[in-house]
Amino acid sequence: MTDAPAPSFLLRGTAAQNTLRLVGIDATDIVEEARVRHGLSKTATAALGRSLAASVLLATVLGKRSDSRVTVRLDGGGPVGLIVAEGSVDGRVRGYVGHPDADLPLRESDGKLDVRGIVGTDGELEVTRLLDNGEPYTGSVHLVSGEIAEDVSTYLGVSEQIPNAALLGVYEEGGRVHRAGGILIQAMPGANDETLGRLEANIKAFGQITDHLRRGSLMEALQALTEGLGLTLAPEAQPAAFSCRCSREKASDSLRFFDAAERQEMMDAGGQGVHCHWCGETYHITPAEIAALDAQMERARA
């Protein structure tokens, strides 16, 4: 029996005298929970897992409020269909794909998961976030690789004008997610050519993020990326978790959108199942609960 992955967490830090900003996430148990909840294939797990990690990293960089959320949508025309991930500043994340059982053979070139192939490149990456006034804003870029990390980096550079580097990865072994995570590095005002040159060299020598997470830790990966640049980490890690905002109350309330005759049919049939596509949870709303909802709606009309 394999041990359950350790709880996911975020690390934040700066380097090069505060001219580089870093945020990293160990998302192993988040991605494993998503795999189990949605019954994801191996390649679909990698695609959604990278997107889940990206949504939390983007929320950390772009969020202006304590309740800020960022939604990432990718639709590249590949077999997995639409990919949607929502990350919050507080570390909560959820997401889903259009076709969870879609899968592809390993790439012949290097034997790795064909994330590009299952995502596709004929489409866009959309990022929706809240502005300072609370209004939603959506920016988008055409997919450049379908590997997700490069697409996220392109979005930040083009749509948000943020010089950056993004690394995302999911490693599966023995039928489960063994390691998953991501790192986002943002160049701040004052970052000079020497700093950026050293960072670029470190990234080239870094390799795959999953290789670092498999043989070490997220902190060691951040240290490798900032070698010679003076990394300073925040004193405490922030917990992160797969967490949906659905509830039995919300599921029951959704039946308001049906007419009275349709709700009566649900009661006659023994109740109604309401499925949350975000997390895969299904709520069975009983005839008594539906009748109570009808009575509540009737009182509101009186």
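The values are calculated or read from the model by the stated rules, or taken from the named source; none is laboratory data. Since this is a predicted model, take the numbers as computed values, not measurements. Please note: Cβ atoms are built from the backbone with ideal geometry, for glycine as well, and neighbour counts cover all protein chains shown.
Filtered by the rule that a residue be closer than 19 Å to Arg50 by Cβ and of a type outside the set (Ser, Thr, Tyr), the stretch 163-174 gives Asn164, Ala165, Ala166, Leu167, Leu168, Gly169, Val170, Glu172, Glu173. For the stretch 1-57, filtering for residues that are under 15 Å from Arg176 (Cβ atoms) and at pLDDT below 95 leaves 6. For Gly270, the criteria (1) in a strand (DSSP E or B); (2) loosely packed, with under 13 Cβ neighbours inside 10 Å hold in every case but one, which is (1). The number of residues in the stretch 176-201 that are part of a helix (DSSP H, G or I) and either closer than 17 Å to Leu22 by Cα or in contact with a strand residue (DSSP E or B) (Cβ under 8 Å, 6 or more places away or on another chain) (or both) comes to 7. Give me a count of the residues in the stretch 83-111 that are of a type outside the set (Ser, Thr, Tyr) and loosely packed, with under 15 Cβ neighbours inside 10 Å. Number satisfying all stated conditions: 7.
Matching residues to (1) in the same structural domain as Val84 (by TED's automatic domain parsing); (2) assigned to a strand (DSSP E or B); (3) surrounded by 10 or more Cβ atoms within 10 Å (Cβ to Cβ); (4) among the acidic types (Asp, Glu):
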| site | (1), (2), (3), (4) |
| --- | --- |
| Ser254 | no, no, yes, no |
| Glu262 | no, no, yes, yes |
| Glu265 | no, no, yes, yes |
| Trp278 | no, no, yes, no |
| His284 | no, yes, yes, no |
| Ile290 | no, no, yes, no |
| Asp294 | no, no, yes, yes |
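Cβ separations smaller than 6 Å between residues 6+ apart or across chains give the following pairs from the stretch 218-236 residues that are at negative phi to residues that are surrounded by 13 or more Cβ atoms within 10 Å (Cβ to Cβ) and part of a loop (DSSP other than H, G, I, E, B): Gln223/Leu231; Leu229/Ala16. Summed over the stretch 193-233, the residues that are under 22 Å from Glu172 (Cα atoms) and of a type in the set (A, V, I, L, M) give a count of 6.
The combined condition, being over 22 Å from the mean Cα position of the chain (by Cα), outside the structural domain of Gly98 (by TED's automatic domain parsing) and within 30 Å of Arg92 (Cα to Cα), is not fulfilled by Phe206. Within the stretch 250-292, track down each residue that is touching a helix residue (DSSP H, G or I) at 6+ places or on another chain (Cβ under 6 Å), over 29 Å from Val93 (Cα atoms) and among the hydrophobic types (A, V, I, L, M, F, W, C). Across the stretch 250-292, the qualifying residues are Met266, Met267, Ile290. If you scan the stretch 116-131, which residues turn out to be more than 24 Å from Ala102 (Cα to Cα) and either over 17 Å from the mean Cα position of the chain (by Cα) or among the hydroxyl-bearing types (Ser, Thr, Tyr) (or both)? If the condition is that a residue be more than 24 Å from Ala102 (Cα to Cα) and either over 17 Å from the mean Cα position of the chain (by Cα) or among the hydroxyl-bearing types (Ser, Thr, Tyr) (or both), then Thr128, Leu131 are the ones that fit.
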